[in-house]
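Computed from the coordinates by the stated procedures, all read-outs in this text should not be read as laboratory data. Being a predicted model, the structure only gives us computed values, none of them experimental. For neighbour counting, all protein chains shown are included, and Cβ atoms are generated from backbone atoms with ideal geometry for every residue, glycine included.
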Amino acid sequence: MRLLAAALLAALALALPGAVRADPPAIWRHGTVLPKGDAGFIYMAAEGGFAAAAGLDIQMVAMRADAMLLKGLLAGELDSYEGSPGGPIIAASHGADLRIIGCHWPGLTYALYATDKLARVEDLRGHIIAIVAPGSLPDLFTRAVLAAHGMSAQDVTLAPTMNTLPQLVAGVVDATAATSEYAPDAAGMELHVLAHAMDVTPSFLRLCMITSGAVLHEKPDLAQHFLAVEMRAWRAALADRAGTVALADRMAHLPVGSHSAEAIFDEATQRHAIDPSMPIDTRKLEWMRDLLAATGSVPHDFDVVGMVDERPRNAALKLAPP
């Protein structure tokens, strides 16, 4: 009976559009930051049965920050990762062969948190803001918020540090940027939101699928099958609040009483921040290039559109049509 069940599962996988015909399953190594409230979305493809049903083994690799994921990709330890395109744009402007193949979370569900002694963004002058690392999403978002309020990094102290929210709660720093999933619990931590990304920086892309030219050259078929599986999974996650929240709780080991998984799901759906078809808005990429150019991180004339490779996404949309 076990052999029969295995045979039926294999037959189902091969019958699915976009199935990878490989035995054992083809491996795709995919990176993400350490699981948190949005893990239900991010892990749905690998943990929700979508990859297995398509004959693909998505091996998830979690690291502390985007910068570490980028290094892993460039070192050949990853086939792709999902993160802010800011770091890859900087690396590509210095010659790294990187490709953006889809942007599934184009709306930045992010916020700038501060202690209660700071009431406005302008009150940040002279204070310390935790940014994880230069070029990280918290760093870039913080700079964008400052610029939107007529300020710059010279008006504050940007402190590279991990565990930014605990550092803020402990009073080591005065503000930090993090996902807006923490907003419902901010008051209990004696914090509040100074600025929300969807209001202040609507052109800021949150998550894109990043890979390298070498991976696309070596594994073009796997790349398109990977994106097709992810598209199916993200659609399913958006349609199943309870299942997505439960998966986030399991993968991130969220504490009892935490509302972060529910908060990020509701915000992402209500603000239409997620798009499972993964469109790549080149205007937003150019906006991010200009933001980085203003800080001296990339040349003003860097061709960021040249990083875009639509071929895997176009093929994936045929394998997994909306």
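Using a Debye calculation, one point per C-alpha and no hydration shell, please list log10 I(q)/I(0) for segment 140-254 at q = 0.10 Å⁻¹ in order.
The calculated log intensity ratios at q = 0.10 Å⁻¹ are -0.50.
Within 12 Å, Cβ to Cβ, of Met231, how many net charges do the neighbouring residues add up to if Lys/Arg are +1 and Asp/Glu are -1? Show your work: numbers first, answer last.
Values: positive: Arg232, Arg235, Arg313, Lys318; negative: Glu230, Asp275.
With Lys, Arg at +1 and Asp, Glu at -1, the net is +2.
Using amide H atoms built in the peptide plane, which far-off residues or other-chain residues are under 5 Å from Val308 H to H?
Those qualifying (amide H under 5 Å, at least 5 residues apart or on another chain) are Ile100.
Starting from the Kirkwood Rh over alpha-carbon pairs, what translational D in µm² s⁻¹ does the chain have by Stokes-Einstein at 37 °C and 0.692 mPa s?
On the way: Rh = 20.2 Å.
The calculation lands on 162 µm²/s.
Whole-Hz ³J(HN,Hα) for each residue in segment 299-309, computed from phi via Karplus 6.51 cos²θ - 1.76 cosθ + 1.60 with θ = phi - 60°, x for glycine and proline: what do you get?
3J(HN,Hα) across segment 299-309, in whole Hz: x, 4, 9, 5, 7, 5, 5, x, 7, 7, 10.
Explain nothing, just compute: Karplus ³J(HN,Hα) = 6.51 cos²θ - 1.76 cosθ + 1.60, θ = phi - 60°, for every residue of segment 244-260 in order, whole Hz, x for Gly and Pro.
Calculated HN-Hα couplings, in order: 5, 5, 5, 5, 4, 4, 6, 6, 9, 6, 5, x, 4, x, 6, 10, 5 Hz.
Give me Rg/Rg_expected for segment 60-159, where Rg uses Cα atoms only and Rg_expected = 2.2 N^0.38 Å with N residues.
Details: Rg = 15.5 Å, N = 100, 2.2 N^0.38 = 12.7 Å.
For segment 60-159, the normalised Cα radius of gyration comes out at 1.22.
May I ask you to list the aspartates and glutamates whose Cα is less than 15 Å away from that of Lys117, ignoring any residue fewer than eight positions away on the same chain?
Asp174, Glu190
Once Rh is set to the Kirkwood radius over Cα pairs, what Stokes-Einstein translational diffusion coefficient, in µm²/s, holds for segment 111-197 at a temperature of 10 °C and a viscosity of 1.306 mPa s? Mind dumping the intermediate values first?
Values: Rh = 12.4 Å.
For the chosen part, D equals 128 µm²/s.
Mean residue ellipticity at 222 nm from the helices of the chain, using -39,500 (n - 2.57) per DSSP H segment of n ≥ 4 over the full residue count, to the nearest 500 deg cm²/dmol?
Details: 16 runs with 140 residues, N = 322.
Computed ellipticity for the chain at 222 nm equals -12000 deg cm²/dmol.
Where does the charge balance sit around Arg125 when Lys and Arg score +1, Asp and Glu -1, over other residues with C-beta under 14 Å from its C-beta? All intermediate terms of the calculation are to be shown ahead of the outcome.
Working: positive: Lys117, Arg120; negative: Glu122, Asp123, Asp155, Asp174.
It works out to a net charge of -2.
Per residue, what volume in Å³ does the convex hull of the Cα atoms of segment 73-132 enclose?
Values: hull volume 8.9 nm³, N = 60.
It is 148 Å³ per residue.
For segment 280-289, in order, what is each residue's ³J(HN,Hα) by Karplus, 6.51 cos²θ - 1.76 cosθ + 1.60 with θ = phi - 60°, in whole Hz (x at glycine and Pro)?
Once rounded to whole Hz, the list reads 10, 7, 5, 5, 5, 5, 5, 4, 5, 4.
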